[in-house]
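Worksheet: one structure, shown below.
Bear in mind that the values in this text are calculations on the coordinates, not laboratory data. Just so you know, these numbers come straight off a predicted model, no measurement behind them. Here the Cβ positions follow ideal geometry from the backbone for every residue, glycine too, while neighbour counts run over all protein chains shown.
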Amino acid sequence: MWVLFAFGSALFAGVTSILAKVGVRDTDSDTATAVRTVVVLLFSWLMAWLNGSIGGLAAVSGKTWLFLTLSGLATGASWLCYFRALQLGDVNKVTPVDKSSTVLTMLLAFIFLGEALTWLKGLGMVLIGTGAYLMVARKAAARSGEPKQKSPLWLLYALGSAVFASLTAILGKIGIENVDSTLGTAVRTCVVLVMAWAIVLGRGKRKTLAQIDRRSYLFLILSGFATGGSWLCYYRALQTGPASVVVPIDKLSILVSVLFARVAFHEKLTAKAALGLGLIVAGTLTLLV
């Protein structure tokens, strides 16, 4: 049964990027992040309540609070960068860069946490990194016959999303050593919520809330539900299944994102991008070995 939950997590995670892309199309990305975080917060505390871990708040140490807070700030920064990247770029470009955070996370875990780095993991990292590069690489201007373009800003935001996502994993790993993972997620989401709304209010973007149309609100809320659904499935899978298998399956959400991007936004993959997607999937599957 845990396998179904793991694939359910990947499905909902892939749908999240599509729904969010629609929601931020005509909406300020910072405001969009703040709105959808409200929905995610409800889901995170629902998970903690269903798991019976809320009572453990009183036993959380000062060190754990510190790292959960830092992890929450990294999560918030990752989300802000990710949704800004989705607003500026194609899903098929942003998603592989974001998923490359797997490579950086494994490197940081090896350096700072002393986790083993086998040759198979190394091979998986190389495949994922190479695949991500092929999916985002553009044809040379001279070869394509198009005028030379400036470096796309979406790429900087997508890279920022990947870096902060990696920091989230490392800081979160330290922060939840003695805390139930669902409770740690709920606490971290509170930090994200405060951070997101502080940015909206601090930058004087309160008026942008009134400028969000009903359609955008609907898709932002739905993307929040999709994120919550992904988390519920993910942690349910982790309860009964091996993390070494559940985590890579969850990363296969890129297949869902690419498929829905083709249907919803008519985003097509070039032969090089398709090869890159294949390498990412192969690299992810290698991590299952």
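Summary of the geometry: region 190-245 and region 44-101, compared by the centres of their Cα atoms, lie 9 Å apart.
Between the residues Gly55, Ser166, Leu156, the greatest Cα displacement towards the positive end of the dipole of region 2-286, with unit charges on the Cβ of Lys, Arg, Asp and Glu, is found for Leu156. Mean-square fluctuations from a GNM of the chain, with a 10 angstrom spring cutoff on Cα atoms, peak among Val60, Val91, Val40 at Val60. Placing unit charges on the Cβ atoms of the charged side chains and taking the dipole of region 1-157 about its Cα centre, the candidate lying farthest along the positive direction among Val35, Val22, Phe67 is Val22.
Given the Cα-Cα distance of Lys272 and Ser61 and 0.36 nm per residue of separation, how much length would full extension add, in nm?
Working: separation 211, 0.36 × 211 = 75.96 nm, distance 4.93 nm.
Between Lys272 and Ser61, full extension yields 71.0 nm more.
Protection proxy ranking for 16-25, 47-56, 208-217, using the average of other Cβ atoms within 10 Å per residue and placing the highest first: 16-25, 47-56, 208-217.
Students often get this wrong, so check it: of Lys173/Lys207; Lys205/Lys272; Lys21/Lys272; Lys63/Lys207, which have C-alpha atoms separated by over 32 Å?
Values: Lys173/Lys207 37 Å; Lys205/Lys272 40 Å; Lys21/Lys272 24 Å; Lys63/Lys207 38 Å.
Violating the 32 Å limit, Cα to Cα: Lys173/Lys207; Lys205/Lys272; Lys63/Lys207.
Where only DSSP H runs of four or more residues are counted, the chain gives -26500 deg cm²/dmol as its mean residue ellipticity at 222 nm, each run worth -39500 (n - 2.57). Basic side chains Lys and Arg get +1 at the Cβ, acidic Asp and Glu get -1 at the Cβ, and with that the dipole of the chain about its Cα centre reaches some 820 debye. About its Cα centre, the dipole of region 160-289 is roughly 560 debye, where the only charges are +1 on Lys and Arg Cβ and -1 on Asp and Glu Cβ.
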